[in-house]
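Notes follow once the structure below has been shown.
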Amino acid sequence: MEKCGRIEEMIISGSLETDLAVENDEAVMRHITECAECRALIDDIKKISSKIAGHEKIKVSDGFDHALKIKLEAAKNEISADEVKTVPFFTRMVYYASGVAAVMIGFMYISSLGVFDNKKSNDVITAPVTFTVASNNNETKTVTADSLENLRENVVNDEELRLKVNAGE
Amino acid sequence: MADLKRLSDEELMFRFQKGDDSAYNEIVERYKNKLLNHIFYYMKDREWAEDIVQDTFVRVYLNKDKYKEIAKVSTWIYTIAINLAKTALSRNGKMNAFSITGKDGENDYEIKDKHTTTDGDVLKNELSDVIMSSIDELEEKFREIVMLRDVDEMSYEEIAALLKIPTGTVKSRLNRARLNLRDALSEYIR
């Protein structure tokens with residue numbers, strides 16, 4: 001006898017749902033009235049579904065609710081502790097801004113000392129320095145200047161010293 | 001409390017988000033056994049499954065504000081639970097051992113009442129075991145849908161949302177799973 005696969009095909013193609021409200025489908029009902037094979041298929045599937053659905057369910061143990069309560073309290077406490085540890089966003093921003101400002105002020109101060117000035121090696125002296133200028137006769141003169149340029153000017157402006165330098169003394 | 005029982009899951013969640021902890025308790029009450037049955041299929045260990053279910057409810061409590069009404073509460077809770085179960089299993093290297101029957105073929109799902117066992121019960125339990133073993137042998141994508149539909153009694157739409165697949169795919173997988181089960185169980189169900 002040739003196997004009838006009509007209902008099986010309908011199930012596979014999705015044109016018939018296996019939750020099978022077949023009673024509402026006239027064509028299917030007509031077919032399964034005549035076809036024992038397809039009727040058996042539908043019966044089997046219904047039987048399997050109801051067996052699975054009727055399978056004895058397990059229930060949570062008696063201590064479930066209590067254990068859940070304890071876990072919940074522990075989780076809440078952990079969150080509260082984290083919140084204390086966590087610095088709010090605005091405060092964090094203030095901290096960052098203060099840090100950046102401190103670094104910038106420090107940089108500006110160091111900058112003002114001339115550390116980063118390229119001319120330092122030529123004629124800039126970082127702080128006023130006292131020089132002792134000596135003539136050929138070992139006559140000395142003390143001059144205070146903060147740059148080589150100023151030192152030259154001091155020498156030029158110092159009449160006595162200039163005369164001695166010019167006289168080759 | 002009587003009022004809460006009449007509310008939908010989504011209404012309960014809304015109340016809970018507003019600070020009503022009794023609504024949360026009602027959600028726990030509605031889902032704890034359902035979730036345990038579902039998660040048990042992943043874990044194969046009742047205590048471990050209970051742990052996962054408790055952790056799920058802790059997450060629900062702590063993340064209540066993350067729930068948006070666009071999804072069903074059941075979908076949200078099941079998603080949390082299944083993710084926790086899969087993470088726990090993969091940490092223990094048991095992800096591939098996802099099967100309904102217990103170790104060495106022992107089926108610890110079945111809760112048998114030793115005092116009232118009759119010949120009819122023995123046959124019934126045997127058939128039940130065979131059905132569960134057959135489900136166990138299905139491909140995971142089929143097995144999961146059979147469990148969600150027939151054990152958890154979810155709608156096609158809920159299953160589709162939970163597994164992030166189209167409703168049509170849910171139906172076709174369920175159909176194929178049932179046909180496979182029929183082939184495997186033909187000699188037991190007649």
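The values are calculated or read from the model by the stated rules, or taken from the named source; none is laboratory data. Keep in mind it's a predicted model, so treat the numbers as computed, not measured. Reconstructed Cβ throughout: ideal geometry from the backbone, glycine too, with neighbour counts over all protein chains shown. Remember, those area values only see protein heavy atoms, side chains included, never the ligands or the DNA or RNA. Shrake-Rupley method; radii C 1.70, N 1.55, O 1.52, S 1.80 Å.
Quick rundown of the values:
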| read-out | value |
| --- | --- |
| Considering residues of region B:139-169 that are hydrophobic (A, V, I, L, M, F, W, C) and closer than 13 Å to B:Tyr41 by Cα only, the residue surrounded by the fewest Cβ atoms within 10 Å (Cβ to Cβ) | B:Val151 |
| Subset of region B:20-46 (residues that are under 20 Å from B:Lys86 (Cβ atoms) and at the interface with chain A (Cβ under 8 Å from one of its Cβ atoms)) | B:Lys32, B:Leu36, B:Asn37, B:Phe40, B:Arg46 |
| Only listed residue being open to solvent by 10 Å² or more (accessible area, probe 1.4 Å) and in a loop (DSSP other than H, G, I, E, B), chosen from B:Ala88, B:Ala71 | B:Ala71 |
| For A:Val60: the one exception among (1) exposed (fewer than 15 other Cβ atoms within 10 Å of the Cβ); (2) hydrophobic (A, V, I, L, M, F, W, C); (3) touching a Leu at 6+ places or on another chain (Cβ under 8 Å) | (1) |
| Helices (runs of 4 or more DSSP H) wholly inside region B:126-190 containing at least 3 residues that are within 7 Å of chain A (Cβ to nearest Cβ) and in contact with a Leu (Cβ under 9 Å, 6 or more places away or on another chain) | B:167-185 |
| Selected residue (only one of A:Leu16, A:Leu68 is surrounded by 11 or more Cβ atoms within 10 Å (Cβ to Cβ) and at pLDDT 90 or above) | A:Leu68 |
| Scan of region B:61-82 for residues that are hydrophobic (A, V, I, L, M, F, W, C) and facing chain A (nearest Cβ under 10 Å), ordered by number | B:Leu62 |
| Hits in region A:42-55 - residues which are within 7 Å of another protein chain (Cβ to nearest Cβ) and either under 10 Å from B:Arg178 (Cβ atoms) or β-branched (Val, Ile, Thr) (or both) | A:Asp44, A:Ile45, A:Ile48, A:Ser49, A:Ile52 |
| Region B:18-33, residues that are over 20 Å from the mean Cα position of the chain (by Cα) and loosely packed, with under 15 Cβ neighbours inside 10 Å | B:Lys18, B:Gly19, B:Asp20, B:Asp21, B:Ser22 |
